[in-house]
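For reference, the structure discussed in these notes is given below.
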Amino acid sequence: MIQVEKMAATGAAHLNSAKLNLGILRDFYRREFLECIDKCIGTKALVWDDGLTGPFGLIAEASMLKEQHEVERMFRLQSSGLPSSNVQNIIFIVRPKLGLMETIAQCLLNEEMKGGYVRKEFYLVFVPRKSLLCEKKLKELGVYGSFASVEEFNLGLIPFDSDLLSMEMDESYKECYLQNDFTSMFFAAQSLMTLQALYGTIPYVYGKGDCAKQVVDMMRRMKMEMGGVEPQITPQIDNLLILDRNVDLLTPLLSQLTYEGLIDEIFNIKNTNVKLPPEKFVSQEEKKNSKEPLPTEPKKFILNSADELYAELRDKNFNAVGAIVSRKAKTITAEFDERHAAKTVGEMKQFVSKLPHLQNVRASLGIHTSIAELVKEVTDSDEFLDSLRCQQELTHGIDTDKVNPYIEDCIAREEPLSKVLRLICIQSICNDGLKPKVLDFYKREIIQTYGFEHMVTLSNLEKSGFLRPHAARTYQVIRKTMKLIVEDVNEQNPNDIAYVYSGYAPLSVRLAQYLARPGWRSITEVLNLLPGPKVEEVQQIPMGLRKRRASVTSSQSSMGEQKLTLVFFLGGVTQAELAALRFLAQQDDGGTDYVVATTNIVQGHRLIESLQEHIEPVKLNPF
């Protein structure tokens, strides 16, 4: 049995540094979780559902659980059972998924067969809440009575960074738009209520889309159930903007061109961790001197704003990264050379005090140089550049109404199906749906090339809005009104959010930009063209808790009074959209800071994959 991967032991200092102190939320969840496991008196083993180790690693480090809370062992939940241990309590921490219940039952039956001299108590904790179906399944399997207690731990929005919260519900888009299961929307509403309990009621609520309306309605109902008990805190968040992913399906399908976006596209960032090929991170000297074979295990890195170089690089267009890294390298070399100029004891002491910081920056510089080289290998390839050229032609509306020769070539070369589907979906959205003749051609080619089992995937993409038959022309109106295409964008020193896709501005972020200034009234026509209702609500704040408004005549910037807007993406947000919102917050005339909450972090490949149906054709022998 493999012991569970060490949960990320990241300090929370970077969470406390922003306008909204997300360390408070992290501490709240940590306290609740520790109370939950401390109900079990004695030594403990935690058995983790694989999908929860990453999120929990961001709120409670493994070392702290072991040293202070009698957690002796940690295991992954596997049907092969649990390794032997002499602990008094075994706590299963799982998501409410039916498939996992059979694995738990298998583990319990194995434990009972083993026996042992230490009497063990079993506990079950569901995250984020109990499920009647799961409890029924455990009863059917005959193990429900083995648990001393069945609890729930309501983990909602997990602080990923100083301006980012995620619920890590990877299938939320599929559940809402394909399976009509809106459970994740209930959790979103619940986590917003938790947020308001800690940071005060948010006075102005805006939303766009069916799911956004559902979440706002559920929040209203939850507020009524609380019987008018208001959090007695001055509101720290001024506006809440809730956006459905299906209001802007184009943005997540396009290839992101920021540093962080490309790392996510190529290597997949999971819970702020990324695993990279190890050979790039071994120096030439180590290669020469090492008698051991070179490492083959992927090297794991934590990517967040605690690393100051990464904080500077993450939101830059990749074309601007090289210049920043080389400038930083020169600065560090110059600072190290200062030691030769240090003559007096005081000067030496000053240099020594700076040394740990300089060494950290130099190590970080080495890592990011290697990561940038790995990314560059992909972005310089013909395959990447051809795909990008095709995407840019489609977003500009060039020949979107006929079969695209590049997509046809990709199918003929049997390139990965998710890449082909991604490009077809981009064409469908940019053309307001495909003509029946074009759609039928693509379907026929895919089924003949990749297999008939992909008919279900194509049907899923149609049901969830990515592929659709030709309808009224709205994309061109939206593109022009919202200035989605920006020619000659400056990638090095950008002046528009379009730099994140080298010429395309994410519609979702444009909506946030227009809401801040001049307001949504100026784009009523566009809002009517987008799917789902518009929501605008005011939540009353008691007089004593209201923020003092600056007088109308005093300019906001001179008062330094920036408004704080929480943007909640239902169905996922991309790293490029995060970069665009951070860019808006840094503008001198912006007047608005942004914190982003989301059901999960997405990119085109993962989004298409989540809607793909993996069916294995059965080979039947007729004889």
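Summary of values
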read-out: Selection status of LEU365, touching a Pro at 6+ places or on another chain (Cβ under 8 Å), at pLDDT 85 or above, crowded, with 16+ Cβ neighbours inside 10 Å and assigned to a helix (DSSP H, G or I); value: no
read-out: Qualifying residue in region 231-247 (condition: under 28 Å from ASN304 (Cβ atoms), within 23 Å of the chain's Cα centre (by Cα), among the polar types (S, T, N, Q) and not in a loop (DSSP other than H, G, I, E, B)); value: yes
read-out: Options LYS435, LYS480, LYS443: the member that is surrounded by 14 or more Cβ atoms within 10 Å (Cβ to Cβ) and more than 16 Å from GLN612 (Cβ to Cβ); value: LYS435
read-out: Answer from LYS343, LYS300, LYS316, LYS275 - the residue that is at pLDDT below 75 and open to solvent by 20 Å² or more (accessible area, probe 1.4 Å); value: LYS343
read-out: Residue satisfying condition, being of a type outside the set (S, T, N, Q), under 30 Å from ALA580 (Cα atoms) and not in a helix (DSSP H, G or I), within set ARG473, ARG422, ARG479; value: ARG473
read-out: Qualifying residue in region 60-70 (condition: touching a Pro at 6+ places or on another chain (Cβ under 8 Å) and closer than 25 Å to THR599 by Cβ); value: no
read-out: Residues of region 155-190 that turn out to be outside any helix (DSSP H, G or I) and surrounded by 15 or more Cβ atoms within 10 Å (Cβ to Cβ), as a count; value: 19
read-out: Residue in region 78-101 that is free of Cβ contacts under 8 Å to residues at least 40 places away in the same chain, outside any loop (DSSP other than H, G, I, E, B) and open to solvent by 60 Å² or more (accessible area, probe 1.4 Å) present; value: yes
read-out: Failed condition for GLU286, given (1) open to solvent by 50 Å² or more (accessible area, probe 1.4 Å); (2) under 30 Å from the mean Cα position of the chain (by Cα); (3) modelled with pLDDT under 90; value: (2)
read-out: Filter result (within 19 Å of GLN476 (Cα to Cα), assigned to a helix (DSSP H, G or I) and open to solvent by 70 Å² or more (accessible area, probe 1.4 Å)) within region 376-404; value: GLU393
read-out: Region 570-605, residues that are touching a Pro at 6+ places or on another chain (Cβ under 9 Å), open to solvent by 10 Å² or more (accessible area, probe 1.4 Å) and more than 25 Å from LEU25 (Cα to Cα); value: HIS605
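Table: residues versus (1) touching a residue at least 12 places away in the same chain (Cβ under 8 Å); (2) under 30 Å from GLU415 (Cα atoms).
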position: ASN319; (1), (2): yes, yes
position: ALA334; (1), (2): no, no
position: VAL345; (1), (2): no, no
position: SER353; (1), (2): no, no
position: ASN360; (1), (2): no, no
position: SER387; (1), (2): yes, yes
position: GLU393; (1), (2): no, yes
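The values are calculated or read from the model by the stated rules, or taken from the named source; none is laboratory data. These figures come from a predicted structure and were not determined experimentally. Don't worry about glycine lacking a Cβ; one is built from the backbone with ideal geometry, like all the others, and counts go over all protein chains shown. Surface areas here come from the heavy atoms of the whole protein model, side chains and all, with no ligands, DNA or RNA. Shrake-Rupley method; radii C 1.70, N 1.55, O 1.52, S 1.80 Å.
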